[in-house]
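For reference, the structure is listed below as structure tokens.
The values are calculated or read from the model by the stated rules, or taken from the named source; none is laboratory data. Remember, it's a predicted structure, so these values are computed and weren't measured experimentally. All Cβ positions, glycine included, derive from the backbone under ideal geometry; neighbour counts span all protein chains shown. In case anyone asks, the SASA skips ligands and DNA or RNA and just uses the protein heavy atoms, side chains included. Shrake-Rupley method; radii C 1.70, N 1.55, O 1.52, S 1.80 Å.
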Amino acid sequence: MGRQTLNGGLPDSFALLGNMAASGRQVGQFIYKNNRILYTNLQWASFQRNFFGVSALRQQAVEANKESSEPISIPRKKLWSKESVLEALATTVRRDPTAYPYQFQDDPYLSPRTSPQFKIYSLSQESGRSAAKYFVNTYPKFFTKDFSEPHIPCLMPDTVSLRLEEMSEEALKERISLRKVKLAVDMYDQLLQAGVSVSMETTHGLLDLICLYCDRDPIEENAIQTEDMEESVAEVRKRNRKVRRTSDLPKLTWRENNNAERIFNLLPERDTQCYSALIRGMVKHGAYAKAFSVYTDLLNNRLTADIHIFNALITAAPEVKDKYVEKLDLITEILNQMSQQKIQPNLQTFNSVLKAFRRHSSLARSSAFQTLSEMTALRIAPSLATFDHILRIFYKPASYGHGDTDILQEVMSELAGKSFTCQDPDDVLFFSRAMGVCLEFKDLELGYKVHSLVEIGENWRLLGDSYQMSIYYGRFFSLLCKMEHIDVVLKWYKELIPSLYYPNPQGLRDLLQALDTDSRLDILPTIWKDIQSLGHDNKTELIEELLSLMAREKHSPEVQESFGTCALEIKSAFDKNRSNISLEWSPATLSHVTSLLLRANKIQEAWKMLQLFKEKNRVPSGDLLEDFLSLCRSEGSAQKAVDLVQLSAAFCLQATPRLAKLTLAEFQLSEEQRTILSELETVPEPED
């Protein structure tokens, strides 16, 4: 019989495998189906969660928008200037304390290394700049190309030539804009003669121009005639050889019946601005009494003055009265008239009042506080000039040492952390004045506060010109030398010199005293090199103080060696300055240099210095000759000892007999030498 089959004739084994495969497929389909259902359920749950979450957020946003009525404002696009990149780069660079001032860095070879060179180079640089500007403006056709990006207007020629030659008001405006005073006056006269009326606006500009330059062309300011000056240039030079500030220069004076007054009197109608130009010009150029006369005429014409007129009158008030009470009454009257005419004072008004109070500080202190209170009530922020006037009222040289720094402490508390811009010409005087108070009262902590205020933002620009800056840094450095530890002083010394400050001889003497106080005399040779580089090696008093510190006591061999080298350099400085009368050998200087050379074992140079006493007719001290005798004893040189005693006798020194006795006792001498010394031993000592 055949084999038994299942499922239509398949063998049993194949039927079993088929059943197993069928059951495996069913299991796979079941798992796949369940996974699909699970995945679908998870997606639906996630969708519901996200949908309802987003819906809730949207609903909250809608409710928030309903509650807020402010519209959404889109910020405007930031516009950057062409210099923004340069400004950003400049903020990443700090000042190099080892470099010379920035104005001289274009040509390092010509960088000034001394204070006199700084003055000469600054003046020559300014002169060259003026000459270049003259040629550019005189011949503008040769300077038409502009290669700078961004454009720099100051490097291009100014429009100084007249384009309108015909007689017209436009031609008059052109002459006014170009500051051609005489040509503008001539054009105005021609217009009046031709019967052409000039507008009041143009007349205002003409009066302002004439009064500002005192009826002279600006170009002629450097060539002022002698008869128009308060004092001649020769008198100024005789009084002050070194003109340092513009206030020392001769000033223009207001001439009687000048073009400003003539044009003012020709006006058919005069308004407040016409009076303002005339009064300010008179005050600026010294016609104080006449300014008050013009102001009286303004009141008689029932006009109201402006703030500029009142500020000018307050400035002129101290000049027309003699006594302080009369000056104060006049200023009070002017302020009352301002109140009656409802003129709001400004910063310049209060600064003018405080400046008038400075001359009588003992009587003006209460008035100064009242002025500050009034400024606060009117919400007028004081400038640095305001506080400078306050300091000058409360701190006078006669009061130094008797008061305290409470006023300056309050001022610095008010100014702490602020950045300033120049609002008054006297703003540049505050920092030097404040540092002067700190120096006189020796308040180091307050001095640091003043200097930290200088370093905020661009406050350093308010230090003033180079002369004012040297005053400020000189006072700051002197305060450090007097009150600070020497290590801190040397740190500031490297920070300030010469990039910001060229010290004067007094500043260097303060440094020497600081080194002496903290027993750091080993640095003196380095300071001498700086004295040479700063051009002060021709100051006798400074050199004598340096030598006296080095020769006062003995030091280690290394220090004495450096002192001896420094002494030779000082001797060379004297030899180079033979033609300089101010640098002459004194007995003390010769003695100090000789002692330093002996201590440094520079024997030959020391003997040459001893001969220099003879050449310069200077008398050495007995102690110095005894040092030389000890040197002869160590060398065993009897002849040098005899010569030394003879030199002492030639100078008629009291130590001669004693030196002769010591030489006879301690040296092996010939009969001739003994005879010479025996005669010198019996010489009687001169009486005191």
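Condition check ((1) more than 23 Å from Cys211 (Cβ to Cβ); (2) in contact with a Leu (Cβ under 9 Å, 6 or more places away or on another chain); (3) not aliphatic (A, V, I, L, M)) across all residues:
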residue	(1), (2), (3)
Arg280	no, yes, yes
Ala291	no, yes, no
Asn300	no, no, yes
Asn311	no, no, yes
Pro318	no, yes, yes
Lys321	yes, yes, yes
Glu333	yes, no, yes
Gln340	yes, no, yes
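For segment 147-161, give me each residue that is loosely packed, with under 12 Cβ neighbours inside 10 Å, of a type outside the set (Gly, Ala, Ser) and free of Cβ contacts under 8 Å to residues at least 40 places away in the same chain. Explain how you work it out, then say what you get.
First, the residues of segment 147-161 that are loosely packed, with under 12 Cβ neighbours inside 10 Å: 147-154, 161.
Pick out the ones that are also of a type outside the set (Gly, Ala, Ser) and you get 147, 149-154.
Those that are loosely packed, with under 12 Cβ neighbours inside 10 Å, of a type outside the set (Gly, Ala, Ser) and free of Cβ contacts under 8 Å to residues at least 40 places away in the same chain: Phe147, His151, Ile152, Pro153, Cys154.
Does segment 454-466 hold any residues that are assigned to a helix (DSSP H, G or I) and more than 8 Å from the chain's Cα centre (by Cα), and which are they? Let's see the steps before the verdict.
We begin by selecting, within segment 454-466, every residue assigned to a helix (DSSP H, G or I); these are 454, 459-463, 466.
Correct list: Val454, Asn459.
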### Query
Taking segment 480-506, which residues are touching a residue at least 60 places away in the same chain (Cβ under 8 Å), hydrophobic (A, V, I, L, M, F, W, C) and not in a helix (DSSP H, G or I)?
Leu500
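Is it fair to say Ile314 is over 18 Å from Ala260 (Cβ atoms), open to solvent by less than 10 Å² (accessible area, probe 1.4 Å), over 33 Å from the mean Cα position of the chain (by Cα) and hydrophobic (A, V, I, L, M, F, W, C)?
Numbers: over 18 Å from Ala260 (Cβ atoms): yes; open to solvent by less than 10 Å² (accessible area, probe 1.4 Å): yes; over 33 Å from the mean Cα position of the chain (by Cα): no; hydrophobic (A, V, I, L, M, F, W, C): yes.
Spelling it out, it is not the case that Ile314 is over 18 Å from Ala260 (Cβ atoms), open to solvent by less than 10 Å² (accessible area, probe 1.4 Å), over 33 Å from the mean Cα position of the chain (by Cα) and hydrophobic (A, V, I, L, M, F, W, C).
Select, from Thr386, Thr296, Thr304, the only residue that is in a helix (DSSP H, G or I), of a type in the set (Ser, Thr, Tyr) and either more than 19 Å from Glu410 (Cα to Cα) or open to solvent by 40 Å² or more (accessible area, probe 1.4 Å) (or both).
On the way: Thr386 fails: either more than 19 Å from Glu410 (Cα to Cα) or open to solvent by 40 Å² or more (accessible area, probe 1.4 Å) (or both); Thr304 fails: in a helix (DSSP H, G or I).
Being in a helix (DSSP H, G or I), of a type in the set (Ser, Thr, Tyr) and either more than 19 Å from Glu410 (Cα to Cα) or open to solvent by 40 Å² or more (accessible area, probe 1.4 Å) (or both) holds for just one of Thr386, Thr296, Thr304, which is Thr296.
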### Summary
If we ask which residues in segment 482-498 are open to solvent by 10 Å² or more (accessible area, probe 1.4 Å) and within 24 Å of Arg95 (Cα to Cα), their number turns out to be 11
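For segment 331-380, give me each residue that is polar (S, T, N, Q), in a helix (DSSP H, G or I), under 30 Å from Arg302 (Cα atoms) and open to solvent by 40 Å² or more (accessible area, probe 1.4 Å).
Taking segment 331-380 first, the residues polar (S, T, N, Q) are 332, 336-337, 339-341, 344, 346, 348-349, 351-352, 361-362, 366-367, 370-371, 373, 376.
Filter once more, keeping what is in a helix (DSSP H, G or I): 332, 336-337, 339-340, 348-349, 351-352, 361-362, 366-367, 370-371, 373, 376.
If we keep only those that are under 30 Å from Arg302 (Cα atoms) too, we end up with 332, 336-337, 339-340, 348-349, 351-352, 371.
If the condition is that a residue be polar (S, T, N, Q), in a helix (DSSP H, G or I), under 30 Å from Arg302 (Cα atoms) and open to solvent by 40 Å² or more (accessible area, probe 1.4 Å), then Thr332, Asn336, Ser339, Gln340, Gln348 are the ones that fit.
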### Message
What pairs come out if I take residues in segment 250-269 that are farther than 15 Å from Val198 by Cα and touching a residue at least 60 places away in the same chain (Cβ under 8 Å) and pair them with residues that are open to solvent by 40 Å² or more (accessible area, probe 1.4 Å) and of a type in the set (Gly, Ala, Ser) whose C-beta lies under 6 Å away, six or more apart or interchain?
### Response
none
### Task
Search segment 415-432 for residues that are aromatic (Phe, Trp, Tyr) and modelled with pLDDT under 95 and pair each with any residue that is open to solvent by 60 Å² or more (accessible area, probe 1.4 Å) and not in a helix (DSSP H, G or I) when their beta-carbon atoms are under 9 Å apart and the residues are at least 6 apart or on different chains.
Phe420/Glu458
### Task
Run Glu561 past the list (1) open to solvent by 30 Å² or more (accessible area, probe 1.4 Å); (2) in a helix (DSSP H, G or I); (3) farther than 30 Å from Leu629 by Cα and report the number of the one that doesn't hold.
(3)
## Note on the structure
Scanning segment 113-146 for residues that are in a helix (DSSP H, G or I), open to solvent by 50 Å² or more (accessible area, probe 1.4 Å) and either closer than 24 Å to Ile531 by Cα or touching a residue at least 40 places away in the same chain (Cβ under 8 Å) (or both) gives Pro116, Gln117, Lys119, Ile120, Tyr121, Leu123
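Filter segment 531-558 down to the residues that are touching a helix residue (DSSP H, G or I) at 6+ places or on another chain (Cβ under 8 Å), part of a helix (DSSP H, G or I) and more than 19 Å from Glu584 (Cβ to Cβ) and list them by number.
Within segment 531-558, Leu549, Met550 qualify.
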### Query
So which residues in segment 641-679 are at pLDDT 75 or above and among the acidic types (Asp, Glu), if there are any at all?
Asp643, Glu666, Glu671, Glu672
### Task
Say whether the condition of being open to solvent by less than 50 Å² (accessible area, probe 1.4 Å), charged (D, E, K, R) and modelled with pLDDT under 95 is met by at least one residue in segment 463-476.
no
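If you take the residues of segment 103-112 that are at pLDDT below 80 and outside any helix (DSSP H, G or I), which of them is surrounded by the most Cβ atoms within 10 Å (Cβ to Cβ)? If you could, list the steps in order and put the result at the bottom.
Kept after step one, since they are at pLDDT below 80, are these residues of segment 103-112: 103-111.
Still in the running and outside any helix (DSSP H, G or I): 105-107, 111.
Details: Gln105: 11, Asp106: 9, Asp107: 9, Ser111: 17.
Here the answer is Ser111.
Assess whether Arg599 counts as being within 18 Å of Leu568 (Cβ to Cβ), in contact (Cβ under 8 Å) with a residue 12 or more places away in the chain, open to solvent by 50 Å² or more (accessible area, probe 1.4 Å) and under 60 Å from the mean Cα position of the chain (by Cα). Quick ask: steps written out before the conclusion?
On the way: within 18 Å of Leu568 (Cβ to Cβ): yes; in contact (Cβ under 8 Å) with a residue 12 or more places away in the chain: yes; open to solvent by 50 Å² or more (accessible area, probe 1.4 Å): yes; under 60 Å from the mean Cα position of the chain (by Cα): yes.
Yes; evaluated as a whole, the condition is true for this residue.
Residues checked against (1) crowded, with 20+ Cβ neighbours inside 10 Å; (2) within 19 Å of Val593 (Cβ to Cβ); (3) among the aromatic types (Phe, Trp, Tyr):
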position	(1), (2), (3)
Gln611	no, yes, no
Lys616	no, yes, no
Glu635	no, no, no
Ala638	no, no, no
Leu647	no, yes, no
Thr656	yes, no, no
### Lone qualifier among Ser69, Ser81, Ser46 - being assigned to a loop (DSSP other than H, G, I, E, B) and at pLDDT below 75
Ser69
### Query
What is the residue count in segment 404-441 for residues that are out of contact with any Leu (no Cβ under 7 Å at 6 or more places or on another chain) and among the basic types (Lys, Arg)?
1
## Note on the structure
Over segment 440-462, the set of residues touching a Phe, Trp or Tyr at 6+ places or on another chain (Cβ under 9 Å) and either open to solvent by less than 30 Å² (accessible area, probe 1.4 Å) or acidic (Asp, Glu) (or both) is Glu440, Gly447, Val450, His451, Leu453, Val454, Glu458, Asn459, Leu462
#### Entry: Scan of segment 88-98 for residues that are closer than 26 Å to Ser111 by Cβ and part of a helix (DSSP H, G or I), ordered by number
Leu89, Ala90
### Task
Check off (1) farther than 24 Å from Gln654 by Cβ; (2) loosely packed, with under 15 Cβ neighbours inside 10 Å; (3) modelled with pLDDT of 85 or more for Ile581 and give me the number that stays unchecked.
(3)
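Is it the case, given these coordinates, that Glu569 is under 20 Å from Pro525 (Cα atoms), open to solvent by 30 Å² or more (accessible area, probe 1.4 Å), among the acidic types (Asp, Glu) and in contact with a Leu (Cβ under 9 Å, 6 or more places away or on another chain)? Before you say what the answer is, go through the steps one by one.
On the way: under 20 Å from Pro525 (Cα atoms): yes; open to solvent by 30 Å² or more (accessible area, probe 1.4 Å): yes; among the acidic types (Asp, Glu): yes; in contact with a Leu (Cβ under 9 Å, 6 or more places away or on another chain): no.
Taking the combined requirement at face value, the residue does not satisfy it.
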